[in-house]
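Quick notes on the structure that follows.
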Amino acid sequence: MATAAGVACEAEIVRITVDGLEYRLHAGPSLLAALDQIGVLMGEVDIPHYCWHAKLSSDGSCRLCQVEIDGQTGLQTACNTPVRDGMIVHTRSEAVVRARQTVLEFLMLNHPLDCPVCDQAGECKLQDYAWRYGAPNSRSREPRRKLEKRIDLGPGVVLDRERCILCRRCVRFCREIPRTGELAVFGRGDRSVIGLFPGVQLDNAYSMNVVDLCPVGALTSRDFRCKARAWQLESVEGVCGGCARGCNIWLDVAKGEVQRYRPRRNDAVNDTWMCDAGRLSYAEIARSDRLDKAWIRNQESVLEPVSVASAISEAARMLAGLVAEKGAGVIAGIASPHATNEDLFAFKRLLDEIGTENSGLAVPHGEADELLICAEKAANATGARAIGFEDARSLLERIRGGGVDGIVILGHDILTAGYLDDETLLGKIDSVILIDTHQSSLMRVAQVVLPARHLAEKAGTLTNCDRRVQRVRPALAADSELLTEGEIVHRLALALGLNGFEAGYDLPRVSRSLAAAVPPFAGITIESLPSDGAQLVSDGGEKGAVR
Amino acid sequence: MQKAPHVTDYLTRHCADDEYGCLRGFEAQGGYRAAHTALREMTPQKILDEVRQAGLQGRGGAGFCAGLKWSFMPAPEQQPSYLVCNADESEPGSFKDRLLLERAPHQLLEGILLAARAIGAQKSFIYIRGEYAEAARVMQRAVDEAHAKGYLGDDVMGSGFSHDVVVVRGAGSYICGEETALLESLEGKRGHPRVKPPFPAQRGAFDRPSTVNNVETLCHVPHIIGRGAAWFRSTGTEKSPGTTLFGVSGHVVRPGLFELPLGTPLDEIIFEHAGGVADGRKVKGVIPGGLSMPILPAGELDVAMANEFLQEKGSALGTGGIIVMDDRTCMVRTACVISEFYRAESCGQCGPCREGTAWINDIVTRVERGTGTAEDLELLVDICDGMEGQTICAFADAAAWPVRALLKHFYADFERHVREGVCSFSGSFQL
Ligand SMILES: Cc1cc2nc3c(=O)[nH]c(=O)nc-3n(C[C@H](O)[C@H](O)[C@H](O)COP(=O)(O)O)c2cc1C
Ligand code: SF4
Ligand code: SF4
Ligand code: FES
């Protein structure tokens, strides 16, 4: 996607020296942007900054990023000094150290120091920088400014004006990214405060990104408020399952639960943003309607809980019986666009080995915009199509015609996507085997129900709307009775005695087979996938059936 | 408002004449003659060179060479470029531009025409301080008159050069005098100074190359073009040629404006022209160039009023607004008043300026009220260090310099407050 800070791709490459180390980077952008582009900013090169943000216009107001440049008098702000060939930069000179101390002293003058009750504590740039670069004591004897501490800016975000350092990232974000411009600085000088324009709320689809942007605890998430301390959180790389964009995220885990999603930077996908709906979708993981055990419909036509192993045996028995009696042509499968590439590949192979071509895919749709939000409300519809699943409409026709007697259904997208108003049609099928993460009315017609892991609980890959394959890792340890769709269908295949399914489900092996069997996935395996993903090979060949 | 300076020269000679404010009266005194000749007979480059050779320094405060600034403008192209006249005059102690706007509007328009021609600007904006309602009215009338006469609009004076002037009123903010804040305000945005680069000549008003000049700076231009660089250089000093309008205020017998050559000694201005200090009192300190310029103590008044000499004394010419304080003045109270102004007017973008101006004001107010300490006085100097040269615009310097200079030259006043725990300058005004 386009980036706000724009990378001049054809810019000339120059050499600069920072603290004695040489770097080759693009001429043109500011020193901070250029160092950020080559990935050394805040790693090898430590130039603290507040107002500058890689994806926003430069502001130049916090004055923290000052560095010394040979041949220039005084200090220069790294966020708006263009890179030039041969530039020699010092980030640790005495003058720089003193300037940082002074800037921090100014910013701390009126700070309320309420870290013990502040959500940002532990991931606060004011804490971090004051600790690393600040003077140990404040020299101020003046009373601190008293301001409003809890202003609801909108449904997702709460403002504490005392903590704000007026870096204006939030203001620039609203103007430049969603282009809704709800926020502004009001008042002047030391009366400056962040606020909403009269009559508006901070309620754009991306509003909660300001919480991540805010370097201090001035903007906090109403959802996350007082839920966990930053240092208790373990962050796991993942991908949001809310839509086909597949925004890269961190899943922050504490007490065995995902406490929040936060965007993880990927310039090829979501820059540093994600939408609010996606951010809040973590709640579905622990929702009370999660499926956590297997069920089989008994003689009295009532679902009764069983072990996963018995449910799989029962499913295999049903399918085997149907194939023996009526042939493989009466078996069908419905794939879920929420499942991973590996799950779907295993599923496709199951259907292929059974010998049926009856399969379909139902993708829920919703609103889209020009920034990130895609109309396809699932993370892997593109992957499902690349693996060979086609739209479920013709399969439904077949079912209506009575040509299907046994079906394996992943998820309940067939309902949410609006292909069916309810489960009635599927009730006509003798054997419905449902594999899902959450309960749905499909359970009413299912003979066998198997619980599946949520994206947050498994490893695998997903293919986004731009055909980028991205990796997810388990953020939560799942119960041993909770398997991935891939493993469930694998066990089902073993129980059916199908060809080519080796004992024991091995994800890397499935991934390698996928890369070998489905041309667009050539060369892409879960083990070799970089953390920012990789593009599917060809642009055509969408319906690359299993080779 | 006086109608003319107490001492006049070429800029203000006819200001007392009400007719001079109309086009006819202005032309009767030789007005627009320079424009008539130059627009038809001089190339833009020739105009620029003449002004550059004249060594005209900007009169808006920074004293930057006008001809040099004009030369930064890119060659004219299809897209417009602009000349912006800074008439925001808000520096406390400065009131010269107001006279030039109200009493000699056509002189400014002629200067604008010539400058615009030199830099190839298609349009000019005169950004007038919000409180200057009369000046805005007079300027607008002059613009209308000039239009009607064919001195503005298409094909000015039959020269083939076309130019329009738009009069814009500010909304009352000191920072909008800073040229890039002015440009933001002109565009209808908040008056926040811009980060440089890009400089206005690269990207100014409405994203187009622009030059910002002070009212007085532009008023000198017709005289330079009419009479030549050599004539201009015959007054003033080698480095600072020409006259300027000194505005004298404070404890003097005859406050007001005085058009005098640059380099006129400060004591001559105060004691001869402005009649000296009232009631036979003595001078305690003088701010030589508007509130932002560092104060000079009584012993240093023999300085020639030009940047090269004032800088040796640690101050600068600024806008030429001279504020005289007599020996009753409490310099701590002065610091309070000054720092309150900067606290009120900081735009608030930069951490060091936003927080520093407030912190300084808090401390000096405490010192004035008698609860200051010796450490406070040291801290004030440190705060000034932390502000000067550390921000987007020169406002933070302008806020720090006066305080630093007051501490340097009048430390005894501050110390006495700390020692006695009270302000003992009874004659001084109340906070
Ligand atoms: C805080 C601040 C306030 C200023 N106010 C004014 C002003 O009111 N009028 C003015 O002409 N220049 C003012 N200036 C200077 C302008 O930024 C700019 O230098 C000037 O208009 C350029 O014109 P000149 O080159 O003709 O002097 C101010 C500068 C600062 C930093
Ligand atoms: S609320 Fe946060 S992001 Fe916004 S200006 Fe204040 S510190 Fe910066
Ligand atoms: S120095 Fe002060 S007035 Fe100038 S931009 Fe910064 S905060 Fe605004
Ligand atoms: S990051 Fe450069 S001034 Fe704020």
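The values are calculated or read from the model by the stated rules, or taken from the named source; none is laboratory data. Treat the numbers as computed from the prediction; the structure is a model and nothing was measured. Heads up, the Cβs are rebuilt from the backbone with ideal geometry, glycines too, and the neighbour counts pull from every protein chain shown. We work out accessible area using only protein heavy atoms, side chains counted, and drop any ligands, DNA or RNA first. Shrake-Rupley method; radii C 1.70, N 1.55, O 1.52, S 1.80 Å.
May I ask you to list the lysines whose Cα is less than 27 Å away from that of B:Lys3, ignoring any residue fewer than eight positions away on the same chain?
Reachable lysines: B:Lys96, B:Lys149.
Between the alpha-carbon centers of segment A:260-317 and segment B:302-328, tell me the distance in whole angstrom.
A separation of 77 Å, based on Cα centres.
May I ask you to give the percent of accessible area on segment A:105-263 that is carbon plus sulfur, with a probe radius of 1.4 Å?
Heavy-atom surface of segment A:105-263 belonging to carbon and sulfur, 1.4 Å probe: 53 percent.
Going by a 1.4 Å probe on protein heavy atoms, which residues of segment A:38-61 end up with at least 30 Å² less accessible surface in the whole assembly than in their chain alone?
A:Ser61
Among DSSP bridges having both ends in segment A:294-506, what percentage is antiparallel? Round to the nearest 5.
If we restrict to bridges inside segment A:294-506, about 40 percent are antiparallel.
Can you pull the accessible area of B:Lys3 for me, 1.4 Å probe, Å² to the nearest 10?
Looks like 100 Å² after rounding.
Tell me the per residue accessible area of chain A using a 1.4 Å probe; a whole number in Å² is fine.
Using a 1.4 Å probe on heavy atoms only, each residue of chain A averages 40 Å².
Using a 4.7 Å cut-off between beta carbons, which cysteines in chain B end up with no partner cysteine at all?
Singleton cysteines: B:Cys15, B:Cys22, B:Cys65, B:Cys85, B:Cys176, B:Cys219, B:Cys330, B:Cys336, B:Cys347, B:Cys384, B:Cys393, B:Cys423.
Using the heavy atoms of the protein chains and a 1.4 angstrom probe, tell me the accessible area per residue for chain B in square angstrom.
For chain B, the per-residue accessible area is 36 Å².
Summarise the accessible area of segment B:331-420 (1.4 Å probe, protein heavy atoms) by the percent that is carbon and sulfur.
Its accessible area is 51 percent carbon and sulfur atoms.
Quick check: with the 1.4 Å probe, what order do B:His163, B:His192 take by accessible area, largest first?
Result of the area sort, largest leading: B:His192, B:His163.
Per-residue accessible area for A:Lys326 at 1.4 Å probe radius, Å² rounded to 10?
100
Could you tell me which of rounded, prolate or oblate describes segment B:18-233, using a ≥ b ≥ c as the square roots of the eigenvalues of the alpha-carbon gyration tensor, with rounded for a/c under 1.5 and, failing that, prolate when a/b is larger than b/c and oblate otherwise?
rounded
Can you sort B:His251, B:His273 by 1.4 Å-probe accessible area, starting with the largest?
These residues rank, largest area first, as B:His251, B:His273.
Of the trypsin sites (Lys or Arg not before Pro) in segment B:92-172, which ones lie in a loop per DSSP and count no more than 16 other C-beta atoms within 10 Å?
Of the trypsin sites (Lys or Arg not before Pro), the ones in loops of segment B:92-172 whose Cβ has at most 16 other Cβ atoms within 10 Å are B:Lys149.
Given a cut-off of under 8 Å on Cα pairs at least six residues apart, what relative contact order in percent is computed for chain A?
11
Can you grab the distance from the C-alpha centre of segment A:470-521 to the C-alpha centre of segment A:57-116, Å, no decimals?
52
Mind pulling the angle between the C-alpha long axis of helix A:94-108 and the longest principal axis of chain A? Nearest 10 degrees, somewhere in 0 to 90.
70
Using only DSSP helix segments of four residues or longer, with each worth -39500 (n - 2.57), what per-residue ellipticity at 222 nm results for chain A after dividing by its residue count and rounding to 500?
Value at 222 nm, helices only, nearest 500: -6500 deg cm²/dmol.
Which lysines, on any chain, are close to B:Lys46 with Cα under 17 Å apart, when same-chain ones fewer than 8 places away are left out?
B:Lys69
In the full protein assembly as shown, how much of A:Glu162 is accessible to a 1.4 Å probe, in Å² to the nearest 10?
Probe radius 1.4 Å; accessible area of A:Glu162 about 20 Å².
For segment B:243-326, which whole-number percentage of the solvent-accessible area (1.4 Å probe, protein heavy atoms only) is attributable to carbon and sulfur atoms?
Taking all protein chains in place, segment B:243-326 shows 52 percent carbon and sulfur surface.
Write down the percent of antiparallel bridges among all DSSP beta bridges whose residues are both part of the protein assembly as shown, to the nearest 5.
Here the share of antiparallel DSSP bridges comes out near 60 percent.
Considering protein heavy atoms only and a 1.4 Å probe radius, which residues within segment B:380-425 exhibit an accessible-area decrease of no less than 50 Å² in the full assembly relative to the chain by itself?
B:Gln390
Count neighbours as other Cβ atoms within 10 Å of each site's Cβ, and list the GluC sites (Glu not before Pro) in segment A:447-547 that are DSSP loop with at most 14 such neighbours.
A:Glu481, A:Glu502, A:Glu527, A:Glu542
Please tell me the relative contact order of chain B in percent, rounded to the nearest whole number, where contacts are Cα pairs under 8 Å and at least six residues apart.
Taking the mean separation of contacting Cα pairs over the length of chain B, I get 16 percent.
For B:Lys239, list the aspartates and glutamates whose Cα falls under 13 Å from its own Cα; do not include residues on the same chain fewer than 8 positions away.
Partners found: B:Glu308.
What's the total accessible area buried between chains A and B, using a 1.4 Å probe, rounded to the nearest 100 Å²?
2600
Over segment B:331-420, what is the relative contact order in percent, taking alpha-carbon pairs closer than 8 angstrom and at least six residues apart?
Taking the mean separation of contacting Cα pairs over the length of segment B:331-420, I get 37 percent.
For segment A:343-368 and segment B:163-202, write down the distance between their C-alpha centroids in whole Å.
Computed from Cα coordinates, the inter-centre distance equals 61 Å.
Run the numbers on segment A:188-227: which residues show a drop of 20 Å² or more in accessible area, chain on its own versus all protein chains together, using a 1.4 Å probe over heavy atoms?
A:Arg188, A:Gly189, A:Asp190, A:Arg191
Order A:Glu68, B:Glu91, A:Glu12, A:Glu342, most accessible first, counting only protein heavy atoms with a 1.4 angstrom probe.
Final ranking, largest accessible area leading: A:Glu12, A:Glu68, B:Glu91, A:Glu342.
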